[in-house]
1. ³J(HN,Hα) across region 77-86 via Karplus (A = 6.51, B = -1.76, C = 1.60, θ = phi - 60°), whole Hz, x for Gly/Pro?
2. Please report the relative contact order for region 12-109, taking Cα pairs under 8 Å with a sequence separation of at least 6, and give it as a percent rounded to a whole number.
3. Just to verify a number: what accessible area does THR2 come out at with the full protein assembly present, 1.4 Å probe, Å² rounded to tens?
4. What net charge do the residues around SER81 carry, taking every other residue with its C-beta under 12 Å from that of SER81, with Lys and Arg at +1 and Asp and Glu at -1?
5. Identify, among LEU97, ALA30, GLY43, the residue whose Cα sits farthest towards the positive end of the charge dipole of the chain, taking +1 on the Cβ of Lys and Arg and -1 on the Cβ of Asp and Glu, with the dipole about the Cα centre.
6. For region 44-95, what does the alpha-carbon gyration tensor say about shape, rounded, prolate or oblate, given a ≥ b ≥ c as the root eigenvalues, a/c under 1.5 as rounded, and a/b over b/c as prolate?
7. For the chain, place one equal point scatterer on every Cα, skip the solvent, and apply the Debye formula. What is log10 of I(q)/I(0) at q = 0.13, 0.15, 0.19 Å⁻¹?
8. Loop only by DSSP, 10 or fewer other Cβ within 10 Å of the Cβ. Give me the trypsin sites (Lys or Arg not before Pro) in region 1-49 that pass, ordered by residue number.
Amino acid sequence: MTLKLPDPIAAYVAADNAGDDAALAACFAADAMVRDEGRTIRGVDAILAWKAESKRKYAYTVEPLAVAEAAGGAVLTGRVSGQFPGSPVELRYVFGLKDGRIATLEIHG
């Protein structure tokens, strides 16, 4: 069975795994906000810089395992594999969606 992700989330996972900055930027609203590893990142340029740093540091990929609807968005559970202790790990990605783009993203271990 293929997991059916909302379009912005499917595009995010594909762009993130491919390292495609242009496609990744298109997933986010201009004023998007991300929370990850105790940091808050605001705006598309800052989000792209954060993703580039994470890719260099961890060389990871995300495999979607489950998705559930949430108020104003969805929660994705993904298996993250890469160059870090304990790999792979399962993370929860809490997406807030607005007008077909990601407005907020919180990543939890």
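The values are calculated or read from the model by the stated rules, or taken from the named source; none is laboratory data. Computed from a predicted model, the values in this text were never measured in an experiment. So basically every Cβ, Gly included, is an ideal-geometry build from the backbone, and we count neighbours across all protein chains shown. Quick note on the areas: whole protein, heavy atoms, side chains included, nothing else; ligands and nucleic acids left out. Shrake-Rupley method; radii C 1.70, N 1.55, O 1.52, S 1.80 Å.
1. Computed from phi, the couplings for region 77-86 are 9, x, 8, 9, 10, x, 9, 7, x, x Hz.
2. About 25 percent, as a whole number.
3. The value for THR2 is about 120 Å².
4. Summing Lys/Arg as +1 and Asp/Glu as -1 gives -1.
5. GLY43
6. oblate
7. Scattering profile of the chain, log10 relative to I(0): -0.42, -0.58, -0.97.
8. Working: sites: LYS4, ARG35, ARG39, ARG42; in loops: LYS4.
Those satisfying the criteria are LYS4.
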